[in-house]
Amino acid sequence: MLGLQRFTGSFVSQLYRRAAYSSNVRAAGVPLANTHTPGGQSDADAVQPEARTPAAEAVARKPRGNMVAAAFESLKNDNPKDESKNLASSKIDERIINAKTVNGLLSITESNNAFSRKHALRIVSILAEWSTLDRVKISEFENDTRFLRICRMLGRTVPKSGNGGNSKTLGESNGQAKRISGFRTDDLNTVLGVAGDDEAAKLIASISLPQMVKVMSTLAQRKRRSTPLLRSLAFNISSASEALDLKQSADVLYAMSTLNFQDSVLGAKVCADVQTALPKNVEKSAVVGSIITSLGILRYRDLDILESLTQWLLRNSEICRPQDLSAYFLTSALLNFKSAQLEEVSNKLVKSIVREDFTKQSEWLSFVWSLTMLGLVEHSHLASVLSADFLEKLQKDKAGITATSKMRLLNLNSYAQLLATDYKGPLLSADSPAYQVPMAHPKAKQVLVNGMLDALKSLLPASNHFQSAVDSKMGFLIDAVCHFDANRNPLPLDKENPKAIRVALMVIDFHDICHGTHRSGSGVTNLTFDLLEKSGYHVIPVPYNEFSTSDKLLKRVQYLEAKFKAIASSK
């Protein structure tokens, strides 16, 4: 039955989209035969028109003025019905809002032809909220035929007790309460499973803010990334005048990070509500740690909320768990955030974390790596992870030495050599397993890199004048390397020239930057550039919002040529 409902909703939705698309195409003056279906056929080929009846032919031959007049006449005839239907629906909405008792709510369902699933959902939402607040008891309505009708309307069955008005056994009572509770806490499966995504998105506006948060959390638990539903949730949560509490804010951010759902308006709403609720929390750090972790995963950079979180950690450091503090440093590093109170952070928070706080060696490695990007790392930290002893312990972790751990070790090894002043501690040996790490770009970034290389081939005289995908031995790839003399002439790489200007081109894609209110390059991107510049390279960033593969080759060549001229003239 549920499958049939989903199929029907999906089919109707697709049919509606096709009709709307066809209308838009015609309105734009584009012949329908020039539009294509996913299968590559035109709409004219894919859908054959039915044979016209004589009456249809007569209508087709009517003058345009008569057809327009007929259309307006039909609108006149339809309007009273539509207005009547909308008026009846509005009256039901008003009765639901004004209802103060269970009976008042359920009586709305009686002898009312305009009663819809949307109204049913609102009534059950209110009953769920009342029962949660202990304003009513489930037993008051669980066997009411009007409530059962609503359940069937929403696609859920809540059976009546089989023993009539007699008292139930403890097991039966618990089972019935569990069924009703499940109906309530599952956030009315109507939104999550019974209705199609488009229909579910329309229903979101009729549930309460706490239930919207629960729906979003359930989507995250089920790993269900429904874009229409998420957009509807984001819009309605952002538009709500009611503020989210700290737990709700953490749940929304967790869902966004789990489902990789970026929405700047929703992010701004949640961050504003966190700042309001944060000072009231003086007992638990876990919810704060969750918020910090989610911001890092989302790469959501809002300096105000990050500064507020910093101040909260400094004031409440005695109740903070090591993993919450570690999450703060990792998120701050990824978001390229350095607090105005960085010295106090170093003295109070960094020193409160010791190696024994971490059960896994990889967690200690991540902590030291984050301190490096923030400029807070000490020689003792570097020595603790670059020693042969640490590598042996890291191999004993359940996951072993992962590719991520290897790249972070190489970052730290290069930092110790190039950027750490007077570092005398151990370094990775030349035969360290950390150097045996396969590195490749994600597919989307590789497309940008290939577009940049095509332009480079057209700009430079021969293939020996540049090299691509160069392993820096510092934990990252250099997208392209080329050399120039002082007169901006390209030089071959296979000939030594001590006076050559060494240039490293680095493509910056969507995932290399932080999003949100204060966009910037990520901490990893900044560390990469610092290491390259200290190695003697002039770095040319090629950001995705300036350099596009959809641009013509000539435009891309001109872009790189301008970058090369700027570097050569600054030498």
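The values are calculated or read from the model by the stated rules, or taken from the named source; none is laboratory data. Because the structure is a prediction, the values reported are computed rather than measured. Backbone-built Cβ (ideal geometry, glycine too); neighbour counts: all protein chains shown. The accessibility values were calculated without ligands, DNA or RNA, using every heavy atom of the protein model including side chains. Shrake-Rupley method; radii C 1.70, N 1.55, O 1.52, S 1.80 Å.
Once you have a ≥ b ≥ c as the square roots of the Cα gyration tensor eigenvalues for segment 523-565, tell me rounded if a/c is under 1.5, and otherwise prolate or oblate according to whether a/b is larger than b/c.
oblate
Tell me the accessible surface of residue 356 in square angstrom (1.4 angstrom probe, heavy atoms of protein chains only), to the nearest ten.
Roll a 1.4 Å probe over it and residue 356 shows about 150 Å².
Can you give me the % of accessible surface on segment 211-323 that is carbon or sulfur? Probe 1.4 Å, all protein chains present, nothing else counted.
Working: 2490 of 4820 Å².
Ligands and nucleic acids excluded, carbon and sulfur give 52 percent.
What accessible area per residue comes out for segment 396-489, rounded to a whole number of Å², with a 1.4 Å probe?
Normalised by residue count, the accessible surface of segment 396-489 is 52 Å².
With a 1.4 Å probe and every protein chain left in place, work out the accessible area per residue of segment 210-323 in Å², rounded to a whole number.
Per residue, segment 210-323 has 43 Å² of solvent-accessible surface.
Can you give me the solvent accessible area of residue 379 with a 1.4 Å probe, rounded to the nearest 10 Å²?
Per-residue accessible area (residue 379): approximately 80 Å².
Loop only by DSSP, 11 or fewer other Cβ within 10 Å of the Cβ. Give me the GluC sites (Glu not before Pro) in segment 268-319 that pass, ordered by residue number.
Taking segment 268-319 and a limit of 11 other Cβ atoms within 10 Å, the loop GluC sites (Glu not before Pro) found are 283.
Rolling a 1.4 angstrom probe over the protein chains, ignoring ligands and nucleic acids, what is the accessible area of residue 127 in square angstrom, nearest 10?
Per-residue accessible area (residue 127): approximately 0 Å².
Pairs to check: 214/443; 269/534; 457/499; 100/247; 269/552; 269/406. Give those whose C-alpha atoms are more than 32 Å from each other in this structure.
The pairs that break the limit, which is 32 Å between Cα atoms, are 214/443; 269/534; 269/552; 269/406.
For segment 260-309, run through the trypsin sites (Lys or Arg not before Pro) and keep only the ones in DSSP coil with at most 15 other Cβ atoms within 10 Å of their Cβ.
284
Sort out for me the Cα centre separation of segment 326-361 from segment 413-478, rounded to whole Å.
Taking the Cα centre of segment 413-478 as reference, the centre of segment 326-361 is 28 Å away.
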